[in-house]
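Asker: A single structure is presented below for examination.
The values are calculated or read from the model by the stated rules, or taken from the named source; none is laboratory data. The shown structure was predicted, so the numbers you read here are calculated from the model rather than taken from an experiment. No Cβ is skipped: glycine too gets one built from the backbone with ideal geometry, and neighbour counts run over all protein chains shown. Protein only, heavy atoms only, side chains kept; ligands, DNA and RNA dropped before computing areas. Shrake-Rupley method; radii C 1.70, N 1.55, O 1.52, S 1.80 Å.
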Amino acid sequence: MVEPKNDSRRLRVSVLGATGSIGTNTLDVIARHPERFEVFALTGASRVPELLAQCQRWRPRYAVMPDALAAARLREAVRECGLPTEVLEGEAALVDVAEHPDVDIVMGAIVGAAGLPPCLAAARAGKRLLLANKEALVVGGALFMQAVREGGATLVPIDSEHSAIFQCLPEDPSTWPSRIDHIVLTASGGPFRQRDPATFADITPEQACAHPNWVMGRKISVDSATMMNKALEVIEARWLFDLTPDQIRVVIHPQSIVHSMVVCRDRSVLAQLGTPDMRVPIAYGLSWPERIESGAEMLDFMKLGALSFEAPDAARYPGLQLAWNALRAAPGHTCVLNAANEVAVDAFLQRRIRFDQIHQVNEETLARCNVPVGAAESVVGLLALDADARRVAAGIVAGCRPD
């Protein structure tokens, strides 16, 4: 359903994960449209100086940090600067600024399972939720979409691939099943698309974080290198567009110009193209169903050159198949996969396991972790399953030899 335009005041935005790349890009787009948007709340994980600078720039009503010590440091700094911002702390505060009655739009850009509770709260409160936290759907897809329906929320995906699919479809989701044969998610292939898999044991965190097309945080950069980001996006797409696993395909597209495609039942193919700049899907989410200036560079077809596509190499990206495996398993297995991957990537970034051992940790955790019946039916059950999967994955990491 199209939301009515509100011309009487600016729309108030809570940016969850404001100091990350999605958060800073969101604020960049907002800065281009001061007549349309105002910042209501900003949240950050641990970067006190960065969040303080944002508070000085935007003067939000609230700033939230999950860690009490970091919040205390920010609170003191805000007081010394004479800012009107109230500093809150803890998970409950994240939920509060996501569901606050004065908030119109919530940017959900907290990385990992920690983003699930506030995004769920925004959905239940009927907000326009710009979802950049793919784990919210990977961890609790059925529960999350139920909250969206019951709360009457407007869910706009921000991942470039899912935003592309969303932009290719009509505004009325009830028409989607009759139109879609399948969707094709594009992937850049990451920094190791042409590297010999036999050398993957030698890959360093610095090399894995050097993405050829996108500027991203360290965790998602490693996920792009392993293609686990695409595995998680497959799971996310299943819930966003109410598809079966067989209706989701992946293709390598190194140029990152075609962001994804919808193959219709009549075999027409609809694609969204653009420069690789996250401000495009962010601007679309903020202004939906309208379109506003994003700040991204215009796509110049005269300079574009050739666009190429290729099938994912299973030897190079073994983790990709885990998405379909987890979707076809009992509910809860996608939560296990996400938790295992977060543990494995963190261990790799700390040089406790090798790059090629990330898949080993993920695969073994899926095999070993017990998923109780009904675990995926509540937030409590999902968080307990997440914790158990992390414990199992940590044990597997401890048994890995990084040398």
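Asker: If I ignore ligands, DNA and RNA and count only protein heavy atoms, how much of GLU342 is accessible to a 1.4 Å probe, in Å² to the nearest 10?
Answerer: 30
Asker: I need the shape label for region 1-154. Rule: rounded when a/c is under 1.5, else prolate if a/b > b/c, else oblate, with a, b, c from the alpha carbon gyration tensor.
Answerer: Judged from the Cα gyration tensor, region 1-154 comes out oblate (a/c at least 1.5, b/c at or above a/b).
Asker: Using a 1.4 angstrom probe with every protein chain in place, what is the largest-first accessible-area order of HIS359, HIS162?
Answerer: Sorted by accessible area, descending: HIS359, HIS162.
Asker: Still on this structure: Averaging sequence separations of C-alpha pairs under 8 Å and six or more residues apart, then dividing by the length of region 211-269, give the relative contact order as a whole percent.
Answerer: Reported as a whole number, the value is 22 percent.
Asker: So, one more: Mind checking the dipole of region 1-135: about its Cα centre, +1 per Lys or Arg Cβ, -1 per Asp or Glu Cβ, Debye to the nearest 20?
Answerer: Computed charge dipole of region 1-135: roughly 320 debye.
Asker: Give me the accessible area of GLU86, 1.4 Å probe, in Å² rounded to the nearest 10.
Answerer: For GLU86, the solvent-accessible surface is approximately 100 Å².
Asker: Return the label of the correct value of volume of the Cα convex hull per residue in Å³, as calculated from the structure shown, out of [x] 125; [y] 142; [z] 134.
Answerer: It is the value labelled [y].
Asker: So what is the 222 nm mean residue ellipticity for the chain from helices alone, if each DSSP H run of at least 4 adds -39500 (n - 2.57) and you divide by all residues, rounding to the nearest 500 deg cm²/dmol?
Answerer: Result for the chain: -13500 deg cm²/dmol, rounded to the nearest 500.
Asker: What's the center-to-center distance, using Cα atoms, between region 94-125 and region 30-58 in Å?
Answerer: Cα centroid to Cα centroid, the span is 16 Å.
Asker: For LEU137, LEU11, give me the order by solvent-accessible area with a 1.4 Å probe, most accessible first, ignoring ligands, DNA and RNA.
Answerer: Descending order: LEU11, LEU137.
Asker: So, one more: Take every Cα pair under 8 Å in region 86-162 that's 6+ residues apart, average their separations, divide by the length, and report that relative contact order as a whole percent.
Answerer: Value for region 86-162: 29 percent.
Asker: Additional query: Net charge within 14 Å of GLU99 by Cβ-Cβ distance, Lys/Arg positive one each and Asp/Glu negative one each, not counting GLU99 itself?
Answerer: -1
Asker: Hey, what did the chain get for relative contact order, percent, Cα under 8 Å, at least 6 apart?
Answerer: 14
Asker: Here is a further query. Under 9 Å from the Cβ of THR19, count the other residues' Cβ atoms, weight Lys and Arg +1, Asp and Glu -1, and hand me the total.
Answerer: Value of the local net charge: 0.
Asker: Running a GNM on the chain with Cα contacts under 10 Å, which residue among SER163, SER378, SER260 ends up with the highest mean-square fluctuation?
Answerer: Judging by the Gaussian network model, the answer is SER378.
Asker: Using a 1.4 Å probe on the protein heavy atoms only, what accessible surface does ARG12 show? Give it in Å² to the nearest 10.
Answerer: Only protein atoms counted, so the area is about 50 Å².
Asker: For the full complex of protein chains and a 1.4 angstrom probe, list CYS209, CYS55 by accessible area with the highest value first.
Answerer: CYS209, CYS55
Asker: What number comes out for the charge environment of PRO331, summing +1 per Lys or Arg and -1 per Asp or Glu over other residues with Cβ under 14 Å away?
Answerer: Around PRO331, the surrounding residues sum to 0.
Asker: State the Cα centre-to-centre distance between region 229-248 and region 344-403 in whole Å.
Answerer: 21
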